[in-house]
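First the structure, in the form of structure tokens, and then the observations on it.
The values are calculated or read from the model by the stated rules, or taken from the named source; none is laboratory data. Note that the structure is a prediction, hence the values are computed from the model and not measured. A quick note on method: Cβ atoms are made from the backbone with ideal geometry, for glycine too, and the neighbour counts reach across all protein chains shown. Heads up: the accessible areas ignore ligands, DNA and RNA and are worked out on the full protein's heavy atoms, side chains in. Shrake-Rupley method; radii C 1.70, N 1.55, O 1.52, S 1.80 Å.
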Amino acid sequence: MLAVVALTLWLSQDLPDPNRLMQREVPLSTKIYDRTGQTVLFELHGAQRRTLVTLDQIPEHLKWATIAAEDREFYRHRGFRIRSMVRAAVVNFLSRGRAQGGSTLTQQFAKNAILSPEKTDTRKVKELLLAIQIERLFTKDQILQLYFNEIPYGGNAYGVQAATETYFGKGVKDLTVAEAAVLAAMTKRPTYYSPYGSHRDELIGRQRYILDEMTRAGRLTPANAAAAKAEKLTFRPPTEDIIAPHFVFYVKELLAARYGENFVESGGLTVVTTLDLEQQHLAETAVAEGVERTAKLGASN
């Protein structure tokens, strides 16, 4: 017991001050190149897009969609969930695969807004200690507001307002239930679930799961959930120039799985890929010409 207390005190000495939440290291952009290392296919900007909003500007359905997706016991715990942490540790040990999360919203906020992106042996412990301090300093609604303004939603969109503008071209207050569930679905793995990547079907599947969870929690009626599932989603086209977007998002997904979302977004990586840009252009031209020739037969790409 004394050893645990001593370890806790030692780790706490190096913790950032949770009262200074808006101070963070300057992020650096990660660049993805073709095989020559000369042509930039895409630059993940270190400059974070962020527009602060208050909790009363955030629709209730986005609030409850996020809680349903990430932390159903948010208003009942004190920053951590012992059962979830133990379950995640057991699953990770048995599977020896990609880590399963057991973090609360408070822990996620501490990880994304305060701690540095580097993975260390003591990082998870520091995340837990910070979450406990944050729960003592702020109310649950204050923590939720901080979370919504800090959490990454992919690319350089940080916070729900920037995410809503990026993916739907509107303000957060105008989100529909269906759109809110999509954003809540993305927070788990923003790169993997990006609507611009190759896993859109899985994104919609997770959205439907969240809508079902909201129904079970009494936050949606079955009729409203069914209407949200039936709603046609229209995503705003990417506003940044991307060469070979499907390939780029595949590479970005591999990087995020290995190094973590935050480090890939702001770690200043230089990534030289295997893409032969000349062959890529020839392939795209051939596909476009083929689609044009067969358009009269009702073909599409």
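Tabulated values for the structure
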quantity: Helices (runs of 4 or more DSSP H) wholly inside the stretch 135-193 that include at least 1 residues being in contact with a Lys or Arg (Cβ under 6 Å, 6 or more places away or on another chain); calculated: 160-168, 177-186
quantity: Condition met for SER198 (part of a loop (DSSP other than H, G, I, E, B), without any contact (Cβ under 8 Å) to a residue 60 or more places away in the chain and buried (at least 21 other Cβ atoms within 10 Å of the Cβ)); calculated: no
quantity: Residues satisfying the stated conditions in the stretch 143-174, i.e. farther than 30 Å from ILE132 by Cβ, crowded, with 23+ Cβ neighbours inside 10 Å and modelled with pLDDT of 90 or more; calculated: THR164, TYR167
quantity: Tally, over the stretch 228-243, of residues that are open to solvent by less than 60 Å² (accessible area, probe 1.4 Å) and assigned to a helix (DSSP H, G or I); calculated: 2
quantity: Members of the stretch 162-177 found to be in contact (Cβ under 8 Å) with a residue 24 or more places away in the chain and either touching a His at 6+ places or on another chain (Cβ under 7 Å) or more than 13 Å from LYS63 (Cα to Cα) (or both), listed by number; calculated: ALA162, GLU165, THR166, TYR167, PHE168, GLY169, VAL177
quantity: Number of the exception - MET214 against (1) in contact (Cβ under 8 Å) with a residue 60 or more places away in the chain; (2) surrounded by fewer than 20 Cβ atoms within 10 Å (Cβ to Cβ); calculated: (2)
quantity: Residues of the stretch 244-291 classified as within 20 Å of LEU115 (Cα to Cα) and either at pLDDT below 80 or surrounded by fewer than 13 Cβ atoms within 10 Å (Cβ to Cβ) (or both), total; calculated: 10
quantity: Sole residue being among the basic types (Lys, Arg) and at pLDDT 75 or above, chosen from LYS119, LYS124; calculated: LYS124
quantity: Residue in the stretch 62-83 that is modelled with the lowest pLDDT, counting only those that are assigned to a helix (DSSP H, G or I) and either touching a Ser or Thr at 6+ places or on another chain (Cβ under 8 Å) or more than 17 Å from GLU213 (Cβ to Cβ) (or both); calculated: ARG83
quantity: Where a residue in the stretch 66-93 is over 30 Å from ILE204 (Cβ atoms) and aromatic (Phe, Trp, Tyr) and its partner, wherever it lies, is modelled with pLDDT under 95 and open to solvent by 30 Å² or more (accessible area, probe 1.4 Å), with Cβ under 9 Å and at least six apart; calculated: PHE80/LEU128; PHE80/ILE132; PHE80/GLU135
quantity: Which numbered condition LEU203 fails, given (1) among the aliphatic types (A, V, I, L, M); (2) open to solvent by 20 Å² or more (accessible area, probe 1.4 Å); (3) over 11 Å from LEU233 (Cα atoms); calculated: (2)
